[in-house]
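Asker: Structure incoming, see below.
The values are calculated or read from the model by the stated rules, or taken from the named source; none is laboratory data. The structure displayed is predicted, hence computed values, not measured ones. Here Cβ is always computed from backbone atoms with ideal geometry, including for glycine, and neighbour counts include all displayed protein chains. What goes into the accessible areas is simple: the full protein's heavy atoms, side chains included, and nothing from ligands, DNA or RNA. Shrake-Rupley method; radii C 1.70, N 1.55, O 1.52, S 1.80 Å.
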Amino acid sequence: MSLKHVLQPFNAWVQAFSKPYTIPMKDTMRPGADRYRGWHINDVEKCVGCGTCADICQNAAIDMVPVKDPVKGDSGLRPKIDYGRCCWCALCVDVCTTGSLGMSNEYTWVEKDPEKCRYTPGVDAKPWDGSEKGWRQEEGFSLIVKDRVPMPMLDPKERIKTWAEVVVGYSVEEARKEAARCVSCGLCVAACPAHMHIPDYIGAIRDGDFEKALDFIYDNNPMPEMCGKVCTRRCEGVCSVGIQGEPLAIRWLKRFATEQFEDFAKVLHPEVKRVGEGKKVAVVGGGPSGVTVAYYLAVRGFEVTIYEALPQLGGATFFGIPKYRFPMPSLEKQVDLLKKAGVKIVTDHRVEKDEFRRLLEENDALFFGTGLMKPYKLGVPGEDLEGVIYALDLLRDHHVGKKVEVGESVVVVGGGNVAIDASRVSRRLGAEVTIAYRRRREDMPADDEEIEDAEAEGIELVTQSIPLRVEKLENGKLDFIWGPAEMVPPDRPGGRPKPKLIEGVENHLQVDRVIVAIGQKGEFEWMPEEVAEKVVTSRGWVEVDETGMTQWPGIFAGGDLVNSTADAISAIADGLKAVEGIQQFTLEGLSVSKS
Amino acid sequence: MEFNSIQEVLDFAVRQEQKAGRFYGLMAEKSTDVVARKFFREMVGEERKHEAKLKAIKSGKLSGFSGQGTPQMNLTEVLGEPVFREDITLQEGLIIAMRAEKDAYEMYEGLKAFARDEELKKILEGLAAEELEHKARMESIYDQVVQREN
């Protein structure tokens, strides 16, 4: 090795005093491309906290964190992103059910504290919050399947000639395809009064395990085939898939699962804890709330007897819902399981005052859910004329096979499901039907789908029409006289707008029948005075506490008499509440606080 | 009917409320329907509240009437005229109450013509507005309870 070679490395030091060759960093960064996948942004008002972004994230970079109180249709959670994990793949954006989540095209951000590299977009303010550029869901593209698998239905022109079920039902392939659209966000569970395990049974249907689906369904609903056909489906109203597309057909999927089995007892595997052995419970009224109480107490070992005034259990779902929506075999299957669970059923038996007192003495608890069995009257002159009838009577008579004649034309007064059912039954009996409703179409309490079906069957809807009186004409027909209404604001925000009669205008409609369906009420003549005096309110409702117990210790109540929604699933929810309440009361002797 | 002072008018109005209270009390006593009976009892309480309000105005504890301006539905005008029977229902009871409030409103409106001065007229207007408010409230209850699906 020469001296030159030894000294050569020190020559490099000469470069220390020369101009550097590195390129200085510019003050302004080069902007990201227009569709660059940079830091996240989120429209938190649009976001409903479904958590689909967190579910799809392959790096578990997203946590759903609470930012506000949950409400129906909004979990109150929002995504928090961990940029130590995020790989900016944008799957979270592409799968977002609301389209609220996006990515800005900003890509530089320096923090000394790594904890700060986790933030909740839209909640923790960032300089790129208002960024217009970046990655968004593309128009027309989504990882969510937005279109519902259509439900085959009978043609409207054909179905008015028959009592056959209008809804045909999904095939296995259709049901599994529809179930696969579910993102399992669970917003529906919170909206369902009974909090059914909706994502679980839909997941089981998707996987083709229908027995498992039925197990999930029967865990907190003993009348699922009924709900699968006629439920008011508040679950679908909050379905996150429905925000940008059509909501999951939750009701039809439940219907599908229940229709796969002829005998539920053969496939169900209820978890049985026979804690109630030796305890007796009487249930007065065999509607959805009573059936729920009876079934779940029976599987827990209680000795339960249901007393029902009508020839079949089911309450309003038996006598009120026409066969083309809910055929008898569907109801019978559910009642059959009730019998197999050990419930004693006494039908065609109306409990009266003395028997009620005796039942109170002989049982450890008593539940009643006798429903709203009496119609409110029209309240206008002429309502007692022959030909003015009540929808409840029409539906009941038709259901039990009595001869019902409605003539060639009818007007049905009201806008609830009872009015729609009476209209569609009248249509099938051959009449031209007009529905007269006091408010606007969007205020009608009837299910939207039912209203559409009624219109498709040729039923005319006259909204903002206030009945004034009914007169008998010389040709034997009735003159239904109504006045137009203007809408005035509701008493409280969110309430129903109120119809106000515009005086001085009269419209006439010649019909054979005026069918009244303005509302229903409870009936308490059968109840001992001392009980009624204590449990019934001045509006005709029954008040219960958080366990379903009335002001009379040991007497529980539920169903349409108790809740304000008057639908079957709320009645089932009341029943579930009372099951726990009755168990507490009879086994633990808890003195329950009064509401 | 002639009034010479505001005190006289208010005394008259108090008597009217007492009369209404007795009327509802009697109906509560006679009714066989538990719901109607409870409703009439509630109305007795309502009339007592109205009476107390009038007495407070009379004694100067309250400066005047403060209606909430509940929108009218003109329901009373189209409904029939039920009469009291022992088995009267809540629906009929509500219509009777609506009509009673309407009658009271019309009475005060009519009495305005006999008012000797503006002050008296003003107090009668206040009483009429109060009764109209009660009528609107009854109509709202009727709408919510009876016309739940209409």
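Asker: Determine if the range A:448-457 includes at least one residue that is of a type outside the set (A, V, I, L, M, F, W, C), in a loop (DSSP other than H, G, I, E, B) and within 13 Å of chain B (Cβ to nearest Cβ).
Answerer: no
Asker: Now a separate question. Please report, ordered by residue number, the strands (runs of 3 or more DSSP E) entirely within the range A:303-411 with at least 1 residues that are at pLDDT 95 or above and open to solvent by less than 10 Å² (accessible area, probe 1.4 Å).
Answerer: Fully inside the range A:303-411 and qualifying: A:303-307, A:365-368.
Asker: Ok, one more. Sort out which residues of the range A:519-539 are more than 10 Å from chain B (Cβ to nearest Cβ) and either touching a strand residue (DSSP E or B) at 6+ places or on another chain (Cβ under 8 Å) or closer than 27 Å to A:GLY379 by Cα (or both), and write them in order of number.
Answerer: Residue satisfying the conditions is A:TRP526 alone.
Asker: A follow-up question, please. Of the numbered conditions (1) within 14 Å of chain B (Cβ to nearest Cβ); (2) surrounded by fewer than 17 Cβ atoms within 10 Å (Cβ to Cβ); (3) touching a residue at least 24 places away in the same chain (Cβ under 8 Å); (4) in contact with a strand residue (DSSP E or B) (Cβ under 8 Å, 6 or more places away or on another chain), A:ASP560 satisfies every one except a single condition; which is it?
Answerer: Here A:ASP560 clears every test but (2).
Asker: In the range A:464-486, what count of residues is obtained for those that are in contact (Cβ under 8 Å) with a residue 40 or more places away in the chain and either among the polar types (S, T, N, Q) or over 21 Å from A:GLU386 (Cα atoms) (or both)?
Answerer: The number of residues fulfilling the criteria is 2.
Asker: Applying the selection to the range A:535-576, what residues are hydrophobic (A, V, I, L, M, F, W, C), farther than 24 Å from B:MET43 by Cα and not in a strand (DSSP E or B)?
Answerer: The answer is A:TRP552, A:ALA566, A:ALA568, A:ILE569, A:ALA571, A:ILE572, A:ALA573, A:LEU576.
Asker: Scan the range A:171-192 and report the pairs whose first residue is on the phi > 0 side of the Ramachandran plot and whose second residue is aliphatic (A, V, I, L, M) and assigned to a helix (DSSP H, G or I), with Cβ atoms within less than 8 Å and a gap of 6+ or a chain change.
Answerer: Once the first residue is on the phi > 0 side of the Ramachandran plot and sits in the range A:171-192, its partners that are aliphatic (A, V, I, L, M) and assigned to a helix (DSSP H, G or I) give A:SER184/A:ILE202; A:GLY186/A:ILE198.
Asker: Got a number for residues in the range A:458-504 being assigned to a loop (DSSP other than H, G, I, E, B), touching a Pro at 6+ places or on another chain (Cβ under 8 Å), within 14 Å of chain B (Cβ to nearest Cβ) and under 21 Å from A:VAL433 (Cβ atoms)?
Answerer: Qualifying residue count, the range A:458-504: 1.
Asker: Taking B:GLU130 as meeting all but one of (1) away from every other protein chain (no Cβ under 14 Å); (2) free of Cβ contacts under 8 Å to residues at least 24 places away in the same chain; (3) of a type in the set (D, E, K, R); (4) not in a loop (DSSP other than H, G, I, E, B), write down the number of the exception.
Answerer: Going through (1) away from every other protein chain (no Cβ under 14 Å); (2) free of Cβ contacts under 8 Å to residues at least 24 places away in the same chain; (3) of a type in the set (D, E, K, R); (4) not in a loop (DSSP other than H, G, I, E, B) one by one, B:GLU130 breaks only (2).
Asker: Shifting gears a bit: So which pairs qualify, if the first residue must be in the range A:414-437 and within 14 Å of another protein chain (Cβ to nearest Cβ) and in contact (Cβ under 8 Å) with a residue 12 or more places away in the chain, the second must be among the hydroxyl-bearing types (Ser, Thr, Tyr) and open to solvent by 10 Å² or more (accessible area, probe 1.4 Å), the Cβ gap must be under 6 Å, and the two must be at least 6 apart or on different chains?
Answerer: Short answer, once both residue conditions are applied: A:TYR437/A:THR463.
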